[in-house]
Every structure is written in structure tokens, then in C-alpha cells.
Amino acid sequence: MTTLENSTREKPFHREHRSTVGTFTSDNPRIVCRSVDVYYGEKHAVQNINIDVGRHQVIALIGPSGCGKSTFLRCLNRMNDTIPDCRVTGDISMDGIAINGPDVDVVPLRAQVGMVFQKPNPFPKSIFENVAYGPRIHGLATNPSDLEGIVENSLRRAGLWEEVKDRLAQPGTGLSGGQQQRLCIARTIAVNPEVILMDEPCSALDPIATAKIEQLIDELRTLYTIVIVTHSMQQAARVSQRTAFFHLGHLIEVGETAQVFTNPQHQLTEEYITGRFG
Amino acid sequence: MSDQNPRGHTLDIVMAGLSKRRNAEKRFRFFGLASIVVGLVFLLVLFISIIGNGYSAFTYSNVALDITFDPAVIDPEGQRNPAALAAADYDTLWKASLLKLFPQVTERQEKRALNAFMGFSADKRLKDMVAEDPTLIGTTKTVWLPVDDTVDLLFKGKLGNEEELNERNQHYQHWIKTLKDQDRIHSSFNREFFTNGDSREPEAAGIWGAVVGSAFTLLITIGLSLPIGIAAAIYLEEFAPRNRWTDLIEVNINNLAAVPSIVFGLLGLAVFINFFGLPRSSPLVGGLVLTLMTLPVIIIAGRSALKSVPPSVREAALGIGASPVQMVFDHVLPLALPGILTGAIIGTARALGESAPLLMIGMVAFIVDIPKTFTSAATVLPVQIYLWADSPERAFNERTSAAIMVLLAFLILMNGFAVYLRRRYERRW
């Protein structure tokens, strides 16, 4: 294992970056991660991550491609379980309860930690069914009108209701890309989670749809804790309160977004946000 | 290395190679078209030969005879006793009637030919008429009776070359001509071909026994292989851990799909009949054997259909907290179902056309009765075709082709159903 660590450290940037710069703790954390490592088979993809996710705030994970930010994100709702050979070690807890143990049931966890994916992935079913599926499998609605209320409410909060209220029976896959992504957000919030994970939710969208999603993220912050992975530094700057910069599987720097973007502490962070690599 | 404008340079190279590329394209298109044409020609030849051979089996020739229901022959005791009526020799009636039509027949050879002119079921037909209505006795009535199968072939013009036209057949041809002139012979729909079981007499041989046997066998096959195959595919693809054991199972399923079907017949003989003592020649055992044969096909088709469901759908379901079972049954299975069903139907269609493994478990026996249960002795359509193709009587020739037509009709129906299912349930995402 020592040889492996040496080899990962001998990457183009010969800098010492084992420990994270900035304040990785939060006063009122919802999720606490300590010494999180992720391995894909032999590959040590994410190394020794320590970070807190604060309540009702948006934290952006930025960094160049392949830096492990999406991999880390998927630790938070155990989606890495679905990847064969993927191993996650370390302590991750949500509201003081450990979520990374083998004896943790992922079904209630994923009901609490929703996820929006990079590519809009509505179910090939009607718009109504897309949103109603989560509440239905979790038994959140006691009767059909209750369910209809949840669907309408979720679509309203996702800012999609006015556009689709007359065609709820039509397939969700028939919507435009931006609408599909908002449908996926509505589907996620229909389960009423505590945390929403977003994995580059705007990377497949045009600027107008992106602006809508960003506005939506800002509104949702009052109700949910949001962790967003993004390639766009402008987006991180616009929507997040805190920013974490990943590089080659290491968490380089965490801090208040304004501080990270205006006064980065680490040289790599500065080089990345000024566009010298990425 | 070159001081030319690199863009112009690229264009020159592209243009130089362009005709070669276009020619390769044309060649490929020609080969594709040619192979399709060759395939269609073979298909056409197959259909023409089968239909040309077999269509005549759907009709059969009958002759109108003025039958005198002579009480001296049918009921010499005058008791109208049903047992006595059933035991009487009705052949005498049509023989007398024919002799009246052809009074010139006096020679012994000729007479013997005339006595074989009518078919084997003419006797039964007359017997049934009398049993139904005993008042017929003593009257004379014109009755349409089936001819002998050789006469039928001669009338249809199916026998023509010299060796087939022996002395007796020449007599037949002569009489047929006379009957035709008197408008006493014609061909009508051969209902018995569709309602009878097998028989040694071509005129009484039908496919219904084989159709029922095939249906029973296929019911067992579908009833077992569909649920087991789909469940196995789902388990292996979605739930089984990836390890050495599942790899081994996968390799073996793929191998089983390539095992010659007769080997499954041997297995069925050893296991189901010799070990478990299930009845021989029965649709039950046939269905079990075909299930074993079809299972690998269904499992492989099912797994590839499940594999082709995009991972984004699985992630979406898992991401909102669906359990793996909910993910599979709510989202993955509905999307994979058309592919699974298509594979299953094509697998069962193969089972319907299979004969080799069924020979091993005794479904090749000569069975006259139409099977009533899953355990009664039966045969199936492809084996019936094999049996008839093996029979020496000329008239079985056209029946073989006709049975092939019926089997092909069933197969086309099943494949059409598979296409319909695919169209109906296929969804885009």
C-alpha cells in the first residue's frame, strides 16, 4: 500500500497536499466525514477526506475531471455500493448516525439523501408517475388525493408545475432537457429528503435551463442541505456558500465560497480557479 | 515537411482515396443485396415445393354411388338389431353399386381392381348412415363416398409417370374418366385431415392428434420454461453476486444452449422415464425435455434484454430509495419485457419445431388416438411429419407437405406474435 501512495503522489504536481487547507468543520453539521477513502479495486480514488456539510447550505465540490468529487458525492448516499469492486472506508455520519457501516440499510438512507444525476434520467413513465413513484414506494401518501397533493407540491417547488400541469399523463421523457432535470429534482424532493446530492446537474443543459436550475437550488436551500458537484466555477460561486476543491483524489481546500474564490490558501486552488489547469 | 497549404493537401488525399471508398461501399451493398436475393429465392423454392406438393392434401375425391341398402346384406334376420347392423359387411353394398355402373367388368383382375376402388372408410360411412337412420334399409339412395387413396391421386393427376401407371391404375383412370363424364366424381374439402389422428390408411390419416400432442407439450414447455427462465435471468443478472460460481453457471448456461437437442432427449429418457418412471411417449415428458432445451435460450435472451436497460434508470430508482426488488420489478423488468418475451417466443417456436429429443422419449410411436391428457401417449407435428415422410404409400407424400404447411403456419403465427409484442411494449427512453 505504501508503494501505491507513493505512485499517486508522483503526479504532475509535485506538491505536498496530504492535509486539507481551510476550515473543513462546520458549526452545525448535518453530515460529518472523517478519513474517508474510496478504492476502485486497487485504485485509491479518494484519499483521506475530512469535511462537514452544514445544515441548509449549499456546498459545491469543484476540481478537474477525475479528481474524485463525484465518487465522494456518491459516498453520501451509498450509491457506490452499486459499483462492483468499489470500497469505501472511514466514518460518515448524518445527524450523528453512522451511514457507512455494512449493517446500515440503504433504503431509508436514500430516502433521506436524494440524488440528482448528471444526465436527466426520468423514468420512461408519465410525468405524474415519475414524481409519485418515490412517495408511493415509501408509503408517504395515505390516499390518492394525498399523492396528487405531493406531486403538485413537488412540481411547484421544482418550478415545473405551470409548464406540465395540463399534461401530467404524458411521458416524462418527452420534456426538454431542462424540464427533465427539473422533473428529476421534483422526483427527488417528493420524498422530502434532508439532503440533496447533485452530480453536475447542469452539464447537459443550455444556459437558460441552467439559470433556472441555479435559481431553484438557491430556493431549495431554505429547506434542504445541498451538495453539488460542478465543473463550472461560476456556478459554484453563484449557488454555494461553501466550496471544496478536489485534486487527484485529495481534498485540497475547503472554505467559504467567497474566500476560496477571492483568496485561495493553496497554490493548486489558485491555479485551478484562475484557469491555469483544469 | 510540406510547405503546401495543409488544408488543400488534406483535400487532395481525401479526393484521391474517395473513389476507392465509394467502390467499397458499392461492393458491400451489392453483396448484401445478393445475399438477400439468394435467401429469398431459396425461401421461394421451399414454399413452392411444399405448397405445390401439399395443397392437394386439403381436398379428397368422392364418388356418388346409388347405394341400395339391401336388407339381405345388412340385416338378414330382419330384427333391426343394432349389433347385427354394425357387424354387417357394407363393402358389399358399394361393390354392387359400382358393378352396376361398370357392367363390362367381368375379368377376375379387373373385378379385384374394382373392389378396391373405394376407400377404407366408405364402409364406415355407410354403417354410420344406417345406424343413424335404420329406415334407410330397403331403399336406394345416392351417397357420396370417399375413393381409395390411389384413385384420389389419379383423379388429382398426381400419378403420371409410366411405372406408376400399372395395369390396375390404367383401369382406374378409365373408370375415373367414365365417372367424370357422368359427373359422379369430385373433390371436396378434406375435413378428416384436420380432425383425425394418425392412420395407416392415408385417406383417414389426419394431423389433429399431432396438433393436440404439440399443444399439450408446448403448454408444459411454456408453463415451466417461461417462469423458471425469466426468474433465473433476473436473479443472475440483477441479484447474484459476481464470483467464481456465478461465472461457472453463466459459462454452463451458454454451453447448454449449444448442446445438440438429441442429448436432451437422452437425458429425458434417463431421468424422467427411467428414473422417475413417468409415462413414455407422453406430452408431460416431452414438455419437460423441451423445457430443458428451451431454458438456456430464454435465460440468455432474458439476461441480454435486462443488460440493455440503461443504467441511468437503475440509478434513478435506487437514488430515491427503491429497494433492488422494487427497482427491478417497477423499472427494469417493464423495459426489458419485450426483449425477454421475444426471446422466449423464439425459444418456444424452436421447441415446437423440435423432433430429435422427442424420438428418444418414445413420441415417435404410431398413435391413432387423439391424446386426452398430459400423460396419454401422443406425438407432435414435426414427428408426425417425420413418420409420414417415412411411409411407403404415395398419398402420404402430399400429407407430409400439408403437415409441414400446418407446422409452418403455427411457427409464423408465433413469430408474428413475438413481433407484435415487441411493437406493442417497446418504449423509447
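Every number in this text was worked out from the coordinates using simple rules, so none of it is lab data. The shown structure was predicted, so the numbers you read here are calculated from the model rather than taken from an experiment. Reconstructed Cβ throughout: ideal geometry from the backbone, glycine too, with neighbour counts over all protein chains shown.
Here are some notes:
- Computed from backbone phi with θ = phi - 60° and the Karplus coefficients 6.51, -1.76 and 1.60, the 3J(HN,Hα) list for region A:101-115 is x, x, 8, 7, 7, 6, 5, x, 4, 6, 5, 8, 10, x, 9 Hz; x is used for glycine and proline.
- Calculated log₁₀ intensity ratio I(q)/I(0) where the Debye formula runs over C-alpha points of the protein assembly as shown, q = 0.08, 0.09, 0.12 Å⁻¹: -0.84, -0.95, -1.25
- Gain on full extension, evaluated as 0.36 nm per residue between B:Phe276 and B:Leu99 minus their Cα-Cα distance, stands at 57.8 nm.
- Loop-exposed GluC sites (Glu not before Pro) per DSSP, neighbour cap 11 Cβ within 10 angstrom, longest uninterrupted part of chain B: B:108-429
- If you run the Gaussian network model on chain A, springs between alpha carbon atoms under 10 Å, then out of A:Val260, A:Val104, A:Val53 the most flexible one is A:Val104.
- Here the protein assembly as shown is assigned +1 on the Cβ of each Lys and Arg and -1 on the Cβ of each Asp and Glu. Its dipole about the Cα centre then comes out at about 1400 debye.
- Note on chain A: helix-only mean residue ellipticity at 222 nm, from DSSP H runs of 4+ residues weighted -39500 (n - 2.57) and normalised by residue number, equals -10000 deg cm²/dmol.
- Label-to-label distance, nm, for residues given as B:Ile262 and A:Ser145 (7 Å Cα→Cβ offset): 7.2 nm
- Computed label-point distance, nm, for sites A:Ser203 and A:Arg136 using a 7 Å Cα→Cβ extension: 3.1 nm
- Taking trypsin sites (Lys or Arg not before Pro) across region B:107-205, the ones in a DSSP loop with at most 12 further Cβ atoms lying within 10 angstrom of their Cβ are B:Arg200.
- Max mean-square fluctuation residue, GNM over chain A, Cα-Cα springs under 10 Å, options A:Ser145, A:Ser126, A:Ser93: A:Ser145
- Chain B: DSSP helices with Cα axial extent of at least 18 Å and average Kyte-Doolittle hydropathy no lower than 0.0: B:6-54, B:208-234, B:283-307, B:333-352, B:395-425
- Rounded to 5, the percent of DSSP beta bridges in the protein assembly as shown classed as antiparallel: 65 percent
- Long-range HN-HN contacts of B:Thr59 with modeled amide H, under 5 Å: B:Asn190
- Taken about its Cα centre, chain B carries a charge dipole of about 1900 debye when Lys and Arg each add +1 at the Cβ and Asp and Glu each add -1 at the Cβ.
- In this structure, the pairs whose alpha-carbon distance is over 22 Å, taken from B:Lys100/B:Lys177; B:Lys127/B:Lys372; B:Lys111/B:Lys180; B:Lys100/B:Lys141; B:Lys124/B:Lys156, are B:Lys127/B:Lys372; B:Lys124/B:Lys156.
- Computed from the C-beta positions of B:Ala365 and B:Lys307 and an R0 of 56 Å, the FRET efficiency is 0.85 to the nearest 0.05.
- Long-range amide H partners of B:Met118 with built H, under 5 Å: B:Asp148
- Inter-part distance, region B:39-71 to region B:182-242, computed on C-alpha centroids, equals 22 Å.
- In percent, rounded to a whole number, the relative contact order of region B:343-429 is 32, using alpha-carbon pairs under 8 Å and six or more apart.
- Unit charges at the beta carbon, dipole of the protein assembly as shown: most positive-side option, B:Val285, A:Pro144, A:Ile92: A:Ile92
- Note: region B:259-315, Cα convex hull, 95 Å³ per residue.
- DSSP-assigned coil residues among chymotrypsin sites (Phe, Trp or Tyr not before Pro) in region A:17-95, each with at most 12 further Cβ atoms within 10 Å: none
- A Förster distance of 22 Å, applied to the separation of the beta-carbon atoms of A:Thr82 and B:Asn254, puts the FRET efficiency at 0.30.
- Positive dipole terminus of the protein assembly as shown, leading residue within A:Gly22, B:Phe58, B:Val332 (C-beta point charges): A:Gly22
- Highest-MSF residue in chain A out of A:Asp199, A:Asp91, A:Asp105 [GNM, Cα springs under 10 Å]: A:Asp105
- Highest to lowest packing among A:162-171, B:84-93, scored as the average C-beta count within 10 Å: B:84-93, A:162-171
- Loop trypsin sites (Lys or Arg not before Pro), region A:183-278, which have at most 12 other Cβ atoms in a 10 Å radius of their Cβ (DSSP): A:Arg276
- Each Lys and Arg adds +1 at its Cβ and each Asp and Glu adds -1 at its Cβ; summed about the Cα centre, region B:132-223 shows a dipole of about 240 debye.
- Residue among B:Val143, B:Leu408, A:Val36 farthest towards the positive dipole end of the protein assembly as shown, charges placed on Cβ: A:Val36
- Ordered from longest to shortest, the equivalent ellipsoid semi-axes for region A:108-164 are 17, 16, 11 Å, each the square root of 5 times a Cα gyration tensor eigenvalue.
- Highest-first arrangement of B:265-272, A:151-158, B:29-36, where packing means the average Cβ count within 10 Å: A:151-158, B:265-272, B:29-36
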